[in-house]
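Contents: one structure, followed by commentary.
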Amino acid sequence: MEKITESPSHYRHLEQKSTRELLTGINREDQSVALAVERVIPAIEALVDAAAAQMKEGGRLIYIGAGTSGRLGILDASECPPTYGVPEDLVIGIIAGGEIAVRKSVENAEDDTAQAWKDLQQLFVNEQDIVVGITASGTTPYVVHGLKHCRENGIATGCITCNPGMPVAQYADFPIEVITGPEFVTGSTRMKAGTAQKMILNMISTSVMIKLGRVLDNKMVDMQLNNAKLFDRGARMLMQARGLTYEEAMELLERCGSVRKAMQ
């Protein structure tokens, strides 16, 4: 199976280039990522609609991945509770190798064909949930076999990969194959592939949260007010929505405890 993500870089002798040449080349490659993502919007749409439907019925959105892909899934999941005020177990990220793998590489963790299903079972994964495998290569055993076990147990699946026709897509009910091409540094999929995955994860979680009613107009009215910056943001939302002074908005926000309640 030919992997486009492993194809030789379009750039040669990087060690001989100036800093400006390196930065210009990386930026030029990055500019192609958004266009690659645009081409797969219909596939993202299908996954978002499926995830929202599952979650409206009590299901969860669970990401599984290894390395950079796993870290991106955890990042996206971890930002949903503070941004949208949802329970911490509504969107979950799992990485091969466990929590330590978030900070450092865990040798051979991504090659384990059984561990993903064990990790999912610890979360009591069930038919209400949807599990999305994230793997730039599309061949990561941890992810592929995790989705395979989900499929065998009637659990909805999706995937985000940067190569077409790879094994992970065979086990995804809602595959997203975003083709970003060769990396600036050959095979360094933390670059364009990682950027594409981050963009798509942003699109998935943001769209799902909107469909779940966690955004009013264009405001994060359910965000957790756990620091001064967010209180300030909430107060300014109320100033705009209700014509209050800053002091009035802050007082109302502190009394109600959330932007949504203060707007009612």
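The values are calculated or read from the model by the stated rules, or taken from the named source; none is laboratory data. From a predicted model like this one, the values you see are computed outputs, not experimental measurements. Heads up, the Cβs are rebuilt from the backbone with ideal geometry, glycines too, and the neighbour counts pull from every protein chain shown.
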The condition from (1) crowded, with 20+ Cβ neighbours inside 10 Å; (2) within 14 Å of M209 (Cα to Cα) that A53 misses is numbered (1)
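Taking the conditions exactly as written (in contact with a helix residue (DSSP H, G or I) (Cβ under 8 Å, 6 or more places away or on another chain), surrounded by fewer than 20 Cβ atoms within 10 Å (Cβ to Cβ) and closer than 18 Å to Q197 by Cβ), does V102 satisfy them or not? First the steps, then the outcome.
Numbers: in contact with a helix residue (DSSP H, G or I) (Cβ under 8 Å, 6 or more places away or on another chain): yes; surrounded by fewer than 20 Cβ atoms within 10 Å (Cβ to Cβ): yes; closer than 18 Å to Q197 by Cβ: yes.
So V102 fits the description; yes.
Please pick out the residue among L252, L216 that is farther than 30 Å from T140 by Cβ and under 24 Å from the mean Cα position of the chain (by Cα).
Going through L252, L216 in turn, just one is farther than 30 Å from T140 by Cβ and under 24 Å from the mean Cα position of the chain (by Cα): L216.
Regarding segment 129-143, can at least one residue be identified that is over 15 Å from A66 (Cβ atoms) and either buried (at least 24 other Cβ atoms within 10 Å of the Cβ) or modelled with pLDDT of 95 or more (or both)? Lay out the reasoning, then the answer.
Just the residues of segment 129-143 that are over 15 Å from A66 (Cβ atoms), to begin with: 129-130.
The next check asks that each one be either buried (at least 24 other Cβ atoms within 10 Å of the Cβ) or modelled with pLDDT of 95 or more (or both); those that pass are 129-130.
Taking every residue of segment 129-143 in turn, at least one turns out to be over 15 Å from A66 (Cβ atoms) and either buried (at least 24 other Cβ atoms within 10 Å of the Cβ) or modelled with pLDDT of 95 or more (or both).
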Given (1) touching a helix residue (DSSP H, G or I) at 6+ places or on another chain (Cβ under 8 Å); (2) touching a residue at least 24 places away in the same chain (Cβ under 8 Å); (3) over 30 Å from I176 (Cα atoms), Y246 misses just (2)
Does A193 qualify as being in contact with a helix residue (DSSP H, G or I) (Cβ under 9 Å, 6 or more places away or on another chain), more than 27 Å from G70 (Cβ to Cβ) and in a helix (DSSP H, G or I)?
no
Those residues of segment 174-193 which are among the small types (G, A, S) and crowded, with 22+ Cβ neighbours inside 10 Å amount to A193
Taking first residues from segment 140-152 that are closer than 13 Å to A96 by Cα and second residues anywhere that are of a type in the set (D, E) and surrounded by fewer than 24 Cβ atoms within 10 Å (Cβ to Cβ), the pairs with Cβ under 8 Å that are 6 or more apart or on different chains are P141/D111; P141/D112; Y142/D111; Y142/D112; G146/D119
Out of (1) surrounded by 24 or more Cβ atoms within 10 Å (Cβ to Cβ); (2) touching a strand residue (DSSP E or B) at 6+ places or on another chain (Cβ under 8 Å); (3) part of a loop (DSSP other than H, G, I, E, B), the one T157 does not meet is (3)
task: Determine, yes or no, whether N126 is more than 28 Å from M203 (Cβ to Cβ) and surrounded by fewer than 21 Cβ atoms within 10 Å (Cβ to Cβ).
output: no
Quick count over segment 210-257, residues being surrounded by 16 or more Cβ atoms within 10 Å (Cβ to Cβ), within 28 Å of D49 (Cα to Cα) and small (G, A, S), is 0
Within segment 215-229, the residues that are hydrophobic (A, V, I, L, M, F, W, C) and touching a residue at least 24 places away in the same chain (Cβ under 8 Å) are V215, L216, M220, V221, M223, L225
